[in-house]
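Contents: one structure, followed by commentary.
What follows draws every value from the coordinates through simple rules; no lab data is involved. Quick caveat, the model's predicted, so the values are computed rather than measured. Please note: Cβ atoms are built from the backbone with ideal geometry, for glycine as well, and neighbour counts cover all protein chains shown.
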Amino acid sequence: MYNQIENYMTNVDEVMDLIHKYQYLFKKRDGAKTFYTRYGNASLKQIYHYDMPEELTEAIFKTIPIKWTDRLNYCVNKYEAGDHIPKHKESDGSYWMFKLIFLQSDKPHFKYWDEQDEEHLVEEKPGASFNMHLGTLHAVTEVGQNEKPKYSIVIMQGLDMHQRKVA
Ligand SMILES: [Fe+2]
């Protein structure tokens, strides 16, 4: 089952304002060992929870139906022109909870493959969460030169979550 839950986060503007305020905290994860997929390396920038200012964490958890606890692993993802994530699945990262929230995207870039191996591009609605089972193959297609950066949030819980940083 795959579906987008609209208005999962209802304070996207507030979250985006803070993300712009803390742009300098994004770190490039291009080629990182932990971001290798069997289809190649990912390229994107992230702010991980341990680098996140409290006001950004508070804004992220203000309206969504997930409570902020220190057992959660979460990050903001930023994809600029040329950035992408190759095909992969979250079950490779030992997660049992994985929540993806779309914030901003000029064009659809989130792609998944259904049980029949048909690919689908998702029209990413700001504030929507995307429901998929953990074994779903998915990718972020390359952001084009004339597009604004794409942003999303990922909230995860799983084994070895302090070592693994798969988005
Ligand atoms: Fe992923």
Note on the chain: contact order normalised by length, alpha-carbon pairs under 8 Å, 6 or more apart, percent, works out to 31
Per DSSP, the loop-located trypsin sites (Lys or Arg not before Pro) within region 66-167 having at most 10 other beta carbons within 10 Å are Lys67, Arg71
About its Cα centre, the chain carries a charge dipole, from +1 on Lys and Arg Cβ atoms and -1 on Asp and Glu Cβ atoms, whose size in debye to the nearest 20 is 520
Helix-only [θ] at 222 nm, the chain, -39500 (n - 2.57) per DSSP H run of 4+, per residue, nearest 500, equals -3000 deg cm²/dmol
Among the Cα-Cα pairs of region 68-123, the proportion with separation greater than 14 Å, in percent, is 68
Net charge (Lys, Arg +1; Asp, Glu -1) of residues whose beta-carbon lies under 11 Å from that of Leu100, Leu100 excluded, is -1
1/(1 + (r/R0)^6) with r = Cβ-Cβ of Tyr24 and Lys107, R0 = 35 Å, i.e. FRET efficiency to nearest 0.05, evaluates to 0.85
In whole percent, the Cα-Cα distances of region 35-147 spread across 5 Å bins from 0 upward as 2, 10, 19, 24, 22, 16, 6, 1, 0
Sorted by chain and then number, the residues having a modelled amide H within less than 5 Å of the amide H of Gln104, at least 5 places away or on another chain, are Tyr151
Taking max minus min of the Cα coordinates of region 41-93 on each principal axis, largest first, gives extents in Å of 31, 26, 19
FRET efficiency (Trp68, Asp92; Cβ distance; R0 35 Å; to 0.05) is 0.85
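Report the extension gain between Glu115 and Gln4 in nm, rounded to one decimal, defined as 0.36 nm multiplied by the number of residues separating them, less their alpha carbon distance.
That pair, Glu115 and Gln4, stretches by 38.2 nm at full extension.
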